[in-house]
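Below you'll find the structure, written out as structure tokens, and then a few comments.
Derivation of every value follows stated rules applied to the coordinates shown; laboratory data play no part. Because the structure is predicted, anything quoted here is derived from the model rather than measured. Positions of Cβ are backbone-derived with ideal geometry, glycine not excepted, and every protein chain shown enters the neighbour counts.
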Amino acid sequence: MNEQWEVIEISEMQVVGVNTTTSNEVEATEQGRIVPLHREFIEQNLSDLIQSDDKRIFAVYDQYSDLEHGEYRYFIGHCAETIPEGLSAVVIPKGRYLRFSSERGILSDILPEAWKNIWRLTSDPNFEYSRSFELDFEFHNYESSDSLDAQVEIYLSID
């Protein structure tokens, strides 16, 4: 990932889907919950239940208990207005976000590398922005997670 980022203003969006509670510590083990949640979303065709013309995947991180050190809620779904039975929703608030774009490649390679670079950059005391840890999200810009040309945009809420 290059160090390209920009500050953008986004409008409020509602994401409908499924969620789990996890932590970076859990995700570094075989008990990680994010990959199984993605698998559930795909294998149970939950995407088909969500009434949306836009089937791009959004992954939302919120309810941080201790910044990046504690538990947080991880949510996966699509932008939609209606919440089908059995699913839930999270609102991405209007506001200013730092947007980072990953390199292109295989999702399981590019996404962890993008986050490593973000953590390195945002932990630098000379970096001009501070993460608010209110809500962060990813926009997964690919047709299939098996794609060799996946790209992810990561949006961080800032103070």
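Figures for the structure shown
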| item | result |
| --- | --- |
| Burial ordering of T29, T122, fewest other beta-carbon atoms within 10 Å first | T29, T122 |
| Cα-based Rg of the chain normalised by 2.2 N^0.38 Å, two decimals | 1.00 |
| Likely footprinting exposure, S130, S102, fewest C-beta neighbours within 10 Å first | S130, S102 |
| Overall form of segment 91-142 per C-alpha gyration tensor (a/c, 1.5; a/b vs b/c) | oblate |
| Pairwise centroid distance, computed over Cα atoms, of segment 85-124 with segment 2-37, Å | 6 Å |
| Derived scalar couplings ³J(HN,Hα) [segment 71-84; Karplus, 6.51 cos²θ - 1.76 cosθ + 1.60; whole Hz; x for Gly, Pro] | 6, 8, 8, 10, 10, 10, x, 10, 5, 7, 9, 9, 10, x |
| Prolate/oblate/rounded call for segment 8-51, Cα gyration tensor, a/c under 1.5 rounded | oblate |
| Segment 151-156 - phi-based ³J(HN,Hα) in whole Hz, Karplus 6.51/-1.76/1.60, Gly and Pro as x | 8, 10, 9, 10, 10, 10 |
| Per principal axis, descending, Cα span of segment 67-159 in whole Å | 46, 32, 24 |
| For segment 126-135, Karplus couplings with θ = phi - 60° (6.51, -1.76, 1.60), whole Hz, Gly/Pro x | 8, 5, 6, 10, 10, 5, 8, 6, 6, 6 |
| Charge dipole magnitude, Cβ of K and R +1, D and E -1 - the chain, Cα centre, debye nearest 20 | 80 debye |
| Most mobile of S23, S65, S47 in a GNM of the chain (Cα contacts under 10 Å) | S65 |
| Given 13 as the ceiling on other Cβ atoms within 10 Å, longest exposed-site-free region of the chain for GluC sites (Glu not before Pro) in DSSP loops | 31-80 |
| Which of V26, V35 has the fewest Cβ neighbours within 10 Å, and the rest in rising order | V35, V26 |
